[in-house]
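The values are calculated or read from the model by the stated rules, or taken from the named source; none is laboratory data. It should be emphasised that the depicted structure is a prediction, and the values quoted were computed from it without experimental measurement. Cβ: placed from backbone, ideal geometry, glycine included. Neighbour counts: every protein chain shown. For accessibility, only protein heavy atoms count, side chains too; no ligands or nucleic acids. Shrake-Rupley method; radii C 1.70, N 1.55, O 1.52, S 1.80 Å.
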Amino acid sequence: MKNIWIWLVIAAIESSTLGFSQPIIELSEVELIVSNYKYLKTVGNKDAPIAVKFLERKVANYDLKGSDLYSDEYDTYIISFYIPQGSIVAEYDEDGHITKTIERFKNIALPKAISKAVYARFPNWAVTGDIYKVSYRRGDENSKQVYKMKLENGDKTIRVKTDEKGNFL
């Protein structure tokens, strides 16, 4: 008997919701144009700090043709983007595609792969400063990503370089 009541309540709820359904509205097609996805794919480091990812997305989504800088008479545009931790200088073509960038960030949080590699090779040393540099060129499959770090151990200081995977250069 209990199962019959539960079944009746469910049937009543289902039939009442059908009466309040909305009519189907067809929407027009939307065309998405993502012109700088290759830039993000090439320089995108999933372990990069949020500030770096934020600025890289801002560069990729920059609307050149909608800006006050755009004019039909120029072939290339060089635009700089800044945050407190660093900057990106990007070159765009007349269609708004990124052709190359130079990125430099200072004293950012190091990715886990870099930290593990440094502390494994230099166990008693502390990272006291770092610089993260990225060079991108359209058409290249890989961007050049380099971490330069200053390490200290007491009164000794050394400088080391790694790539984005923690391989020492």
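Values computed for the structure shown
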quantity	calculated
In region 48-86, the residues that are polar (S, T, N, Q) and either in contact with a helix residue (DSSP H, G or I) (Cβ under 8 Å, 6 or more places away or on another chain) or more than 26 Å from residue 130 (Cβ to Cβ) (or both)	61, 67, 71, 76, 85
All positions within region 106-138 that are among the β-branched types (Val, Ile, Thr), over 22 Å from residue 80 (Cβ atoms) and not in a helix (DSSP H, G or I)	127, 128
Any pair with Cβ under 8 angstrom, 6 or more apart, that starts in region 158-169 at a residue that is closer than 17 Å to residue 105 by Cα and ends at one that is among the aromatic types (Phe, Trp, Tyr) and surrounded by 18 or more Cβ atoms within 10 Å (Cβ to Cβ)	161/147; 162/147; 163/147; 164/147
Failed criterion for residue 20 (all others in (1) at pLDDT below 90; (2) open to solvent by less than 70 Å² (accessible area, probe 1.4 Å); (3) over 18 Å from residue 137 (Cβ atoms) hold)	(2)
Only one of 103, 91 that is in contact (Cβ under 8 Å) with a residue 60 or more places away in the chain and either more than 27 Å from residue 37 (Cβ to Cβ) or not in a loop (DSSP other than H, G, I, E, B) (or both)	103
Region 140-168 - residue that is assigned to a loop (DSSP other than H, G, I, E, B) and more than 22 Å from residue 52 (Cα to Cα) and, of those, least open to solvent (accessible area, probe 1.4 Å)	154
Single residue of region 79-101 satisfying the filter (farther than 15 Å from residue 40 by Cα and among the aromatic types (Phe, Trp, Tyr)) that is surrounded by the most Cβ atoms within 10 Å (Cβ to Cβ)	81
Test: residue in region 102-119 that is open to solvent by less than 20 Å² (accessible area, probe 1.4 Å) and acidic (Asp, Glu)	yes
Members of region 46-78 that are open to solvent by less than 20 Å² (accessible area, probe 1.4 Å) and either in a helix (DSSP H, G or I) or under 25 Å from residue 107 (Cβ atoms) (or both)	48, 52, 55, 56, 59, 60
Residue satisfying condition, being among the small types (Gly, Ala, Ser), within 30 Å of residue 68 (Cα to Cα) and in contact (Cβ under 8 Å) with a residue 60 or more places away in the chain, within set 96, 139	96
Selection count, region 120-139, where residues are of a type outside the set (Val, Ile, Thr) and open to solvent by 40 Å² or more (accessible area, probe 1.4 Å)	11
